[in-house]
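Structure first, commentary second.
The values are calculated or read from the model by the stated rules, or taken from the named source; none is laboratory data. It should be emphasised that the depicted structure is a prediction, and the values quoted were computed from it without experimental measurement. Backbone-built Cβ (ideal geometry, glycine too); neighbour counts: all protein chains shown. Keep in mind that these areas ignore ligands, DNA and RNA; they rest on the heavy atoms of the full protein, side chains included. Shrake-Rupley method; radii C 1.70, N 1.55, O 1.52, S 1.80 Å.
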Amino acid sequence: SQQGEEDPQALSIQEGENATMNCSYKTSINNLQWYRQNSGRGLVHLILIRSNEREKHSGRLRVTLDTSKKSSSLLITASRAADTASYFCATDPLGYSTLTFGKGTMLLVSP
Amino acid sequence: EAGVAQSPRYKIIEKRQSVAFWCNPISGHATLYWYQQILGQGPKLLIQFQNNGVVDDSQLPKDRFSAERLKGVDSTLKIQPAKLEDSAVYLCASSLTDMISSTDTQYFGPGTRLTVL
């Protein structure tokens, strides 16, 4: 079964707007990662946030983690058409060394 | 730096046939993963190798799936016999260290899209 669940399932915005995706998970984790997948570049690691961190930034990406609510959010600011892709959260449940991926959010950024 | 290589990129077979996928990880990467990604879902780990030993194969359907990693480098994943529900993209990934740590970035190959008719 899948540990993480992204919300919304699909998101459509205009270039320049911000996109926010959420991830909820079930069990305690060591860390949470976000990946992007598109047909051109396959599945690519974006950012990792550890369980003792609350917020992390990387370029136009901002990730938050709330372990009390077992949730994370990924914010993409000033979106571009090239950000069109599926975005997955992946968790590392405590006691396990392997990643469990959610079902993903499909983001469409229109020019 | 060359990425993770996989072949073939596409494969169409009939049910009950056999199929094999090949993966060449990034040079020097100790850990290799095989994932199955069914349309509309996220990748699901099938098996994880650390060098040439199996770390986790708990979600590998061992009655029909097998995998090996010869000399701790290349890996093959085999399905025999295939079922309709095996239609999916099979992703190979590798990560650098030989420590069991999910903080390692996993680098994914382009995948093999399998269609079982």
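Test B:Leu70 against the criterion of being open to solvent by 40 Å² or more (accessible area, probe 1.4 Å) and hydrophobic (A, V, I, L, M, F, W, C), and give yes or no.
So B:Leu70 passes the test.
In the set B:Ser7, B:Ser18, B:Ser66, B:Ser58, which member is modelled with pLDDT under 95 and of a type outside the set (A, V, I, L, M, F, W, C)?
The unique qualifying residue is B:Ser58.
Can you name the condition, by its number, that A:Lys103 falls short on among (1) under 24 Å from B:Pro110 (Cα atoms); (2) part of a strand (DSSP E or B)?
Only one criterion in (1) under 24 Å from B:Pro110 (Cα atoms); (2) part of a strand (DSSP E or B) is unmet by A:Lys103, namely (2).
Have a look at A:Asn30, A:Asn38, A:Asn52 and point out the one that is open to solvent by 60 Å² or more (accessible area, probe 1.4 Å), over 10 Å from the mean Cα position of the chain (by Cα) and touching a residue at least 12 places away in the same chain (Cβ under 8 Å).
Going through A:Asn30, A:Asn38, A:Asn52 in turn, just one is open to solvent by 60 Å² or more (accessible area, probe 1.4 Å), over 10 Å from the mean Cα position of the chain (by Cα) and touching a residue at least 12 places away in the same chain (Cβ under 8 Å): A:Asn30.
Hey, among B:Lys44, B:Lys78, B:Lys15, B:Lys62, which residue is over 27 Å from A:His45 (Cβ atoms), under 11 Å from the mean Cα position of the chain (by Cα) and surrounded by fewer than 22 Cβ atoms within 10 Å (Cβ to Cβ)?
Exactly one residue qualifies, and that residue is B:Lys78.
All but one of (1) crowded, with 18+ Cβ neighbours inside 10 Å; (2) modelled with pLDDT of 95 or more hold for A:Arg60; state the number of the condition that does not hold.
(1)
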